[in-house]
1. If you take every residue apart from residue 69 with its C-beta less than 10 Å away from the C-beta of residue 69, what net charge results, scoring Lys and Arg +1 and Asp and Glu -1?
2. Can you tell me what share of the DSSP beta bridges in the stretch 17-104 is antiparallel? A percent to the nearest 5 is fine.
3. Relative contact order of the chain: what whole-number percent is it, with Cα pairs under 8 angstrom and at least 6 residues apart?
4. Run the reach check for residue 70 against aspartates and glutamates, Cα to Cα strictly under 13 Å, same-chain hits fewer than 8 apart removed. What comes back?
5. Express in nm, to one decimal, how much length is gained between residue 131 and residue 38 on full extension, taking 0.36 nm for each residue of separation and deducting their alpha carbon distance.
6. Taking square-rooted eigenvalues a ≥ b ≥ c of the alpha carbon gyration tensor, is the chain rounded, prolate or oblate, where a/c under 1.5 means rounded and, failing that, a/b exceeding b/c means prolate?
7. Would you calculate the separation in nanometres between label points at residue 86 and residue 22, each defined as 7 Å from the Cα along the Cα-to-beta-carbon direction?
Amino acid sequence: MADVWTIELGELDEKMGVKVLEQSAKRVVATMPIDGNRQSLGLLHGGGMVALAEAVGSWAAVIHASTMGKAAVGVDVNATHHASGHEGTVTATATAIRLGRRLTSHEIVIEDDAGRRLCTARITNAIVDKR
């Protein structure tokens, strides 16, 4: 069964310039410009990368939960920064590690335009009843 979910960007996603390219429970891909998301030294802000990673991983979990009439809430996110982003756009790809009835886990890889891995993150979401 194909996912029929449409991701609605939140206020932070819009401020960061996030654009969703692909969406399913198994895989969400989105881009974000480096311009406008820099820290004081002129590099892509690490917190911006973590926010992007959390967004794409959570969106995938929400899509999965919606197939069961449920919601998804984050319980853990961690990230390792490998390199700095300087210019252009980054692409975040969330790939499902496990899509369970109670928990989901996704790995998120963030790369720059040259395909250099800038960050690897992992997020776990709990599947809960809708309120």
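Coordinate-derived values only; no laboratory data. The structure presented is a predicted model; accordingly, all values stated were derived computationally and were not measured. Ideal geometry is used to build each Cβ from the backbone, glycine not excepted, and the neighbour counts take in all protein chains shown.
1. +1
2. 100 percent
3. Here the relative contact order equals 26 percent.
4. Here the aspartates and glutamates satisfying the reach criterion relative to residue 70 are 129.
5. Stretched fully, the residue 131-residue 38 segment lengthens by 29.8 nm.
6. Cα axes put the chain in the prolate bin.
7. Once both label points are built, they end up 2.8 nm from each other.
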